[in-house]
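What follows is calculated from the coordinates using simple rules that are stated; it is not laboratory data. Computed from a prediction, not measured in an experiment: that's the story for all the values here. Ideal geometry is used to build each Cβ from the backbone, glycine not excepted, and the neighbour counts take in all protein chains shown.
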Amino acid sequence: MTRIAIFDLDGTLVDSDEALAAPFVAHGIPRDEITFGHVLADECARLGLSVDDYLALYDEELAQPFPGVVEVVSQLDRWAVCSNKHADVGHAELARFGWHPEVALFSDAFGGPKRLQPVLDALAIGAHEVVFIGDTGHDRRVAAEAGATFGLAGWNLRAESEPGDIVLGTPGDVLALLGSRPAQ
């Protein structure tokens, strides 16, 4: 069976840690106090900054695809994005990279942290038909809550595996996991 990949964006498809941290640092927040994998509004509230002030300094040009991601995405017939990223920035980054997932849902679509069910509904498929690829413990929980297979984006050196994870060493490993092509 060929499954469909649903990707987290930041830290999975896109190496964006510095792009995400830079606005906080520019506002005087120490780099070591910044954490990743959250809804932007929650992290801004935790750090005492408005979302508008954060977005005013966000430079989407800093975020770049991880090596090998562009090649993998170009080989997928169907794929989707499920991300906590602010929707305006997320859609702008997808457009900048020339990526056209079948579905791309961001923080505004979930009424809180990301969930797979709205993406599954938009794709009109069940959880058994997808693999959710992510880089954080939150991503692992999102997959488990939906009953989907989880693949850890091991190409992100910040990603930490747990027992039972399917660890993908390179983006090319996604193709083999999906059952569509052998890993390159």
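Here are the numbers for this structure:
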{"item": "Whole-angstrom gap from segment 9-48 to segment 82-146, using each part's C-alpha centre", "result": "18 Å"}
{"item": "Kirkwood Rh and Cα Rg combined as Rg over Rh, evaluated for segment 17-60", "result": "0.88"}
{"item": "Residue-span extension gain [Ala127 to Asp88] - 0.36 nm each, minus C-alpha spacing", "result": "11.4 nm"}
{"item": "Folded to 0 to 90 degrees: helix 17-26 orientation relative to the chain principal axis, Cα", "result": "10 degrees"}
{"item": "Computed helical MRE - 222 nm, the chain, DSSP H runs ≥ 4 contributing -39500 (n - 2.57), nearest 500", "result": "-10000 deg cm²/dmol"}
{"item": "Of all DSSP beta bridges in the chain, antiparallel share, percent nearest 5", "result": "10 percent"}
{"item": "Electrostatic dipole magnitude of the chain [Cβ: Lys, Arg +1; Asp, Glu -1; Cα centre; debye, to 20]", "result": "540 debye"}
{"item": "Long-range Cα-Cα pairs in the chain (distance over 19 Å), rounded percent", "result": "55 percent"}
{"item": "Cα long-axis angle, helix 87-97 against the chain (0 to 90 degrees, to the nearest 10)", "result": "60 degrees"}
